[in-house]
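First up is the structure itself, then whatever we jot down about it.
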Amino acid sequence: MYQKILKKDLVEKYAAEFDITKKDANQQVDFIFDSIIKELVAGNSVSIKDLGKFEIKHRDARIAINPATLEKVEVPAKNTVTFRASAKLKEAVK
């Protein structure tokens, strides 16, 4: 069974690994996550070696059908985040 890892778990591991306080570790983890978000919002992709690539993809507006009622529904255009895992990550979780 898989275990869910939360941000606080990452912070605790980071603090223990580098022998720093949880507060400092939390600030550093926040900085990394915030930097990724800022780059994506700016329209840039973010590649992290041995992990993968985050990028923004535009989804055009479309007409969908509600399968329960067969009613046509307009789905507006939107941007979404995609992640493509690196070959190393794919091999590790195989």
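Mind listing just one residue for me: the one in region 54-94 that is loosely packed, with under 11 Cβ neighbours inside 10 Å and in contact with a Ser or Thr (Cβ under 9 Å, 6 or more places away or on another chain) and, of those, nearest to PHE33 (Cα to Cα)?
Taking the candidates together, the pick is LYS57.
For THR69, indicate whether it is outside the structural domain of LYS88 (by TED's automatic domain parsing), of a type in the set (Ser, Thr, Tyr) and more than 22 Å from LYS88 (Cα to Cα).
Considered against the rule, which asks whether it is outside the structural domain of LYS88 (by TED's automatic domain parsing), of a type in the set (Ser, Thr, Tyr) and more than 22 Å from LYS88 (Cα to Cα), THR69 comes out as no.
Anything in region 62-94 that is of a type in the set (A, V, I, L, M, F, W, C), without any contact (Cβ under 8 Å) to a residue 40 or more places away in the chain and assigned to a strand (DSSP E or B)? List them, or say none.
Listed by number, the residues that qualify are ILE63, ALA64, ILE65, VAL73, VAL75, PHE83, ALA85.
Somewhere in region 43-61, is a residue among the polar types (S, T, N, Q), outside any strand (DSSP E or B) and either in contact (Cβ under 8 Å) with a residue 60 or more places away in the chain or in contact with a strand residue (DSSP E or B) (Cβ under 8 Å, 6 or more places away or on another chain) (or both)?
Within region 43-61, one or more residues are among the polar types (S, T, N, Q), outside any strand (DSSP E or B) and either in contact (Cβ under 8 Å) with a residue 60 or more places away in the chain or in contact with a strand residue (DSSP E or B) (Cβ under 8 Å, 6 or more places away or on another chain) (or both).
Output yes when any residue across region 29-40 is without any contact (Cβ under 8 Å) to a residue 40 or more places away in the chain and either in a loop (DSSP other than H, G, I, E, B) or in contact with a Gly (Cβ under 6 Å, 6 or more places away or on another chain) (or both), and no when none is.
no
Under 6 Å between Cβ atoms, which residue pairs at least 6 apart in sequence (or on different chains) link something in region 1-19 that is closer than 14 Å to ASP30 by Cα with a partner that is in a helix (DSSP H, G or I) and of a type outside the set (Val, Ile, Thr)?
VAL11/LYS22; VAL11/ALA25; VAL11/ASN26; TYR14/ALA25; ALA15/LYS22; ALA15/ALA25
Restricting attention to region 1-19, and to residues there that are out of contact with any helix residue (DSSP H, G or I) (no Cβ under 8 Å at 6 or more places or on another chain) and among the hydrophobic types (A, V, I, L, M, F, W, C), which single residue is surrounded by the most Cβ atoms within 10 Å (Cβ to Cβ)?
Top of the filtered list is ALA16.
The values are calculated or read from the model by the stated rules, or taken from the named source; none is laboratory data. The structure displayed is predicted, hence computed values, not measured ones. Don't worry about glycine lacking a Cβ; one is built from the backbone with ideal geometry, like all the others, and counts go over all protein chains shown.
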